[in-house]
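One structure is given here, and the rest of the page talks about it.
Values quoted throughout were computed directly from the atomic coordinates according to the rules given, and no laboratory measurement underlies them. Model, not experiment: these values are computed from the prediction. No Cβ is skipped: glycine too gets one built from the backbone with ideal geometry, and neighbour counts run over all protein chains shown.
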Amino acid sequence: MAVFFKDANGNFFTSVKAGVGAPEGFEPVEANSVDAAREKHVPAVDLERDGHIIHVQVGEVAHPMEPEHYIEWIALEADGRLEVHALKPGQTPATFFAGGVKSGRVYAYCNLHGLWVKEF
């Protein structure tokens, strides 16, 4: 499982290997640990074309994408790799990943409510 760390400036450091310690100046980021609306933050995964395309949408209810509250990025972790797609305010909180996998984890990072993860 990937591990995520964040510094005071909002920069992230991540590793796909468990047991990696936080670099100096970084603090661990725990997924699904903030008391916030799960229906707006937990990623939803749809495997299309027999898993060759992975569609990820953040939340069962559309997450806001305003400058003061938005999803900064969505990431796919599968087969020892981590792919991150950056988002901006005004965009739809969704993305597609090239698949070929049937299981893994997707992460979404909300600028106000932190890191969220869903296994598929």
- prompt: Counting Lys +1, Arg +1, Asp -1, Glu -1, what net charge surrounds residue 12 among other residues with beta carbon under 10 Å of its beta carbon?
  reply: -1
- prompt: With charges only on Cβ, +1 for K and R and -1 for D and E, what is the dipole size of the chain about its Cα centre, in debye, rounded to 20?
  reply: 240
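Among 93-103, 69-79, how do they line up from the highest to the lowest mean number of other beta-carbon atoms within 10 Å? Let's see the in-between values first.
Details: 93-103: 16.2, 69-79: 19.5.
Most protected by this proxy first, the peptides run 69-79, 93-103.
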message: Just to be sure I understand: if I project the alpha-carbon convex hull of the chain onto a plane and average over all orientations, what area do I get in nm²?
response: 7.2
query: ³J(HN,Hα) across the range 111-120 via Karplus (A = 6.51, B = -1.76, C = 1.60, θ = phi - 60°), whole Hz, x for Gly/Pro?
result: 5, 9, 10, x, 8, 10, 9, 9, 8, 9
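Could you compute how fast the range 17-63 diffuses translationally, taking Rh as the Kirkwood radius over C-alpha pairs and applying Stokes-Einstein at 10 °C with viscosity 1.306 mPa s? Give it in µm² per second. Each step should come with its number before you reach the end.
Values: Rh = 13.4 Å.
D, rounded to a whole number, is 118 µm²/s.
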